[in-house]
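Each remark here refers to the structure printed beneath this line.
The values are calculated or read from the model by the stated rules, or taken from the named source; none is laboratory data. Keep in mind that this is a model prediction, so the values were computed, not measured. We place every Cβ from the backbone using ideal geometry, glycine too, and count neighbours over all the protein chains shown. Protein only, heavy atoms only, side chains kept; ligands, DNA and RNA dropped before computing areas. Shrake-Rupley method; radii C 1.70, N 1.55, O 1.52, S 1.80 Å.
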Amino acid sequence: MTSARVAVWTDGGARVVDPTEPVVTALDLGLGRGDGCFESVLVTGGSTPQLAGHLTRLRRSAALMELAHPGDDAVRAVVGALVADWPGEVDGACRVFLTRGLGDGTPPTLLALLAPVPAETLRQRAQGVAVVTLTLGLAADVRAASPWLLGGAKTLSYAVNMAALREAHRRGADDVVFTSLEGQLLEGPTSTVVWAAGGRLHTPPPETGILAGTTQARLFAAAEADGWPTAVTPGTVADLHAADAVWLLSGIRGATAVVRLDGAQRGDAGLTPRVRELLAG
Ligand code: PLP
C-alpha cells in the first residue's frame, strides 16, 4: 500500500517531511480562515502530465485573492519532490496548498500532499455517478460583478462544497450539480459539468463564477480538433435531462458519466469512450 507524502517550501527549497510532522502553525490563516487556494493534480504513470494548467490556475487564484505567490518553480519543486519515485502503477492525487501564512506581509505557506486516488473515486470513474441538483442560492451573474465573492478562484473554503456532497449522500446519490438562484447550471462541488446535445459538447459560462476547469478546457480543445463542435451554454437542469450524455469532469476523476440525475436513470449514448479517448489524446 503506497502511503501519503508531504513536502513543504522553506528557505527557498522543497523539503519532504514525515506526513505526521506538523507543517503549519495554529496561526496560519489557511487554517483559521480558509484564506488560501489550492490545486488537485493527477499523478499518473509516475508523472504529472497536466501540471502546467494547474500552475496557471493557481497563479490566477492567488492573483484574485491578492495572495503572494512564490513562483511556478517553487510549486514545481514541492510537487516534483513528492512525485520522484512514486510508483508508476498507482494513480495519485497531489494537492498543492498556498495560504496567506501568518498574514501582515509574512511569506505565504506552500505545501503539497500526495496520496493514492481513493478507491471510491476509481469506482466512480469506472461506473459513473448518481447526481442530485442543489441550489447554491446565488444569481448567475452576481459573481461577475462582485470580485470579493472570488468567482473563478479555487479557494480553500470548500466547506460548502463538502456539505453539498454529504447532502447528496443523504439523498442516496454520489455527487452534485449546483444551480443558480434562477436555475442555471453551475458546476459540481469538485467538477465541471459537460453535456452532449444537438451534436455539440456544452458547458456553463465561466462568467457565472464557476471554476474554469482544466479538464473541460482540454476536452473542448481536443473535441474541436476532432470535428466535434463545442459551446459555452447557460443551460438548465431540463437541458441535462434532455441531453444525450452528461459528465462531471475533473483532473483526478477524468470524465465521469452521470448515470442518474435527480432520481432519473440516464444513459450516455455510447459517447463516454470517445470523450475519454479525446482526454487521453
Ligand atoms: N469545479 C470545481 C469547484 C472544482 O473543485 C474542480 C476540481 O478541481 C473542477 C471544477 C474541475 O477542475 P479540473 O478539471 O481543473 O480538475
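Descriptive notes on the structure:
- Picking from residues in segment 30-53 that are within 12 Å of the ligand (Cβ to nearest atom) and in contact with a Gly (Cβ under 7 Å, 6 or more places away or on another chain), the one that is most open to solvent (accessible area, probe 1.4 Å) is Q50.
- Restricting attention to segment 186-214, the residues that are surrounded by 20 or more Cβ atoms within 10 Å (Cβ to Cβ), part of a helix (DSSP H, G or I) and more than 8 Å from the ligand (Cβ to nearest atom) total 1.
- Residue match in segment 244-263 (condition: part of a helix (DSSP H, G or I), charged (D, E, K, R), open to solvent by 30 Å² or more (accessible area, probe 1.4 Å) and closer than 26 Å to T135 by Cβ): no
- If you go through segment 55-71 and keep only what is without any contact (Cβ under 8 Å) to a residue 24 or more places away in the chain and open to solvent by less than 30 Å² (accessible area, probe 1.4 Å), you end up with L55, G71.
- You will find that of A139, A217, A163, A223, the residue that is away from the ligand (no atom under 12 Å from the Cβ), open to solvent by 20 Å² or more (accessible area, probe 1.4 Å) and not in a loop (DSSP other than H, G, I, E, B) is A163 and no other.
- Unique match (being under 18 Å from A173 (Cα atoms), open to solvent by less than 50 Å² (accessible area, probe 1.4 Å) and away from the ligand (no atom under 15 Å from the Cβ)) among L271, L240: L240
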